[in-house]
1. With only Lys, Arg, Asp and Glu charged, each at its Cβ (+1 for the first two, -1 for the last two), find how big the charge dipole of the stretch 106-235 is about the Cα centre; round to the nearest 20 debye.
2. If you plug each phi of the stretch 199-210 into the Karplus form 6.51 cos²θ - 1.76 cosθ + 1.60 with θ = phi - 60°, what whole-Hz ³J(HN,Hα) values come out, in order, with x for Gly and Pro?
3. Trypsin sites (Lys or Arg not before Pro) within the stretch 21-60: which are DSSP loop residues with at most 12 other Cβ atoms inside 10 Å?
4. In deg cm²/dmol and to the nearest 500, what is the mean residue ellipticity at 222 nm of the chain if only DSSP H runs of at least 4 residues count, each as -39500 (n - 2.57), divided by the residue total?
5. Place +1 on the Cβ of every Lys and Arg and -1 on the Cβ of every Asp and Glu in the stretch 2-233, take the dipole about the Cα centre, and give the residue among Ala223, Phe73, Tyr103 whose Cα lies farthest towards its positive end.
6. What does a probe at Val7 reach in the stretch 97-131, counting residues whose amide N is under 18 Å from the point 7 Å along Cα→Cβ?
7. For the pairs Lys155/Lys230; Lys3/Lys84; Lys116/Lys190; Lys51/Lys191; Lys3/Lys51; Lys155/Lys190, flag any whose C-alpha to C-alpha distance is greater than 18 Å.
8. Ser76 to His173: extension gain in nm, 0.36 nm per residue of separation minus the Cα-Cα distance?
Amino acid sequence: MQKQTIVLQVNSAAPMNAFVATPSNKGRYPAIIVLQEAFGVNHHIRNITEKISAEGYVAIAPELFHRTAPSGFESSYTNFESAKPHMAAITTEGLIEDLKATYEWLQENDEVISSKIAAIGFCLGGRVSFLANANFPLAAAVSYYGGSMHLMAEKARELRGPILLFWGGLDKHILPEHRDIITKALDEAKKDYINTVISYADHGFNCDERSSYSPKASLEAWAMTLAFLKNNLSQ
């Protein structure tokens, strides 16, 4: 696997770093945009990016806080206060610009099959994955415990590809009624989706660096994620 950090220009905003992992063998591959939690493109997100690339994808994780945080920003999972100013500063318009720069880089990459691009995100990134699917012709999207996603439920009618949703049944941040708003919007828009609530899992269950990590839930969700991506991005 080849790993590198690249710099993307986002309109008039500050340049945006992105961590990229690519299969070692030369060829053309589907691509996955990996979207961060509130804690930056940290060790966990880079590890996810590498795990995805190992499955035969070009994977890229853009630094969504690039307008307000230094390059390489990471926040501890026990220090959310340091991430709060950057979370408060992001906007839907800015996120779409960031996604556009990332998507266009993939489109121009000779190693990427341009019609086979998907997104996967966690927490903040789960919401951004939903947003990406509504604004770009993605082949699929995956959202793990996407916070505040119900506030953009009206975008369900704009989704381009099928979406796989994961929620923790013990999550006190994302309530059952929030999940219901999303699935109702998807039903009304007649969109293809898989909605998975893991009853015994909490928010952040996929991250082995969080106290809420659930090895069992993580393994089961990851197996479904890989199957979903393969089904929708296979050549």
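1. That gives a dipole near 220 debye.
2. Listing the rounded values in order: 4, 8, 9, 10, 4, x, 4, 7, 9, 6, 9, 9 Hz.
3. Lys26
4. My calculation for the chain gives -10500 deg cm²/dmol from helical runs alone.
5. Ala223
6. Zone members listed by number: 98, 101-102, 105.
7. Lys155/Lys230; Lys3/Lys84; Lys116/Lys190; Lys51/Lys191
8. My answer for the length gained is 33.0 nm.
FYI, it's all coordinate maths here, none of it is from the lab. The structure displayed is predicted, hence computed values, not measured ones. Here Cβ is always computed from backbone atoms with ideal geometry, including for glycine, and neighbour counts include all displayed protein chains.
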